[in-house]
1. Where residues in the stretch 48-99 are loosely packed, with under 12 Cβ neighbours inside 10 Å and of a type in the set (Asp, Glu), which of them is farthest from Trp27 (Cα to Cα)?
2. Take the stretch 49-63 and flag every residue that is more than 8 Å from the chain's Cα centre (by Cα), assigned to a helix (DSSP H, G or I) and not hydrophobic (A, V, I, L, M, F, W, C).
3. In this structure, is Leu40 aliphatic (A, V, I, L, M), buried (at least 18 other Cβ atoms within 10 Å of the Cβ), part of a helix (DSSP H, G or I) and touching a residue at least 40 places away in the same chain (Cβ under 8 Å)?
4. Provide a single number: the residues in the stretch 69-85 that are assigned to a helix (DSSP H, G or I) and either touching an Asp or Glu at 6+ places or on another chain (Cβ under 6 Å) or touching a residue at least 12 places away in the same chain (Cβ under 8 Å) (or both).
5. Restricting attention to the stretch 1-14, report how many residues are assigned to a loop (DSSP other than H, G, I, E, B) and either touching a strand residue (DSSP E or B) at 6+ places or on another chain (Cβ under 9 Å) or under 16 Å from Val97 (Cα atoms) (or both).
6. Filter the stretch 56-90 down to residues that are touching a Phe, Trp or Tyr at 6+ places or on another chain (Cβ under 9 Å) and more than 21 Å from Gly39 (Cβ to Cβ), then give me how many there are.
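Bear in mind these aren't lab numbers, they're just calculated from the coordinates by the rules spelled out. All values derive from a computational prediction rather than experimental measurement. Backbone-built Cβ (ideal geometry, glycine too); neighbour counts: all protein chains shown.
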Amino acid sequence: MNLSKFKASIHEGKMPEGMTVYLQSLWLDGNGDWTKAHGLIDQMEDDDAAFLHAYLHRKEGDLGNASYWYSRAGKNKPSISLEQEWEQMVLYFLDRVKK
């Protein structure tokens, strides 16, 4: 799968089968369901989940909480748009599937 196909699946409203929990969360967020997206990764402890958690709290507007999660993930809060960060995260997690 690539970014275009991922986005197309959102527009079609049909989540592809077999996606990682991270991609499922990004798909739900892209489909406008922040609550379910957050719920999928909320209790996960790994760095990738912390990175995604940070993005979701940044999108929510809770910048203090987002900063905490970026720090937990070992990342700096980006100075790009939420849309750009979302795309970069999709690409990152799609690439992790290939490895």
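1. Here the answer is Asp95.
2. Listed by number, the residues that qualify are His57, Arg58, Lys59, Glu60.
3. No; evaluated as a whole, the condition is false for this residue.
4. Summing the residues that are assigned to a helix (DSSP H, G or I) and either touching an Asp or Glu at 6+ places or on another chain (Cβ under 6 Å) or touching a residue at least 12 places away in the same chain (Cβ under 8 Å) (or both) in the stretch 69-85 gives 6.
5. Selection size over the stretch 1-14: 2.
6. Looking only at that region, the number is 5.
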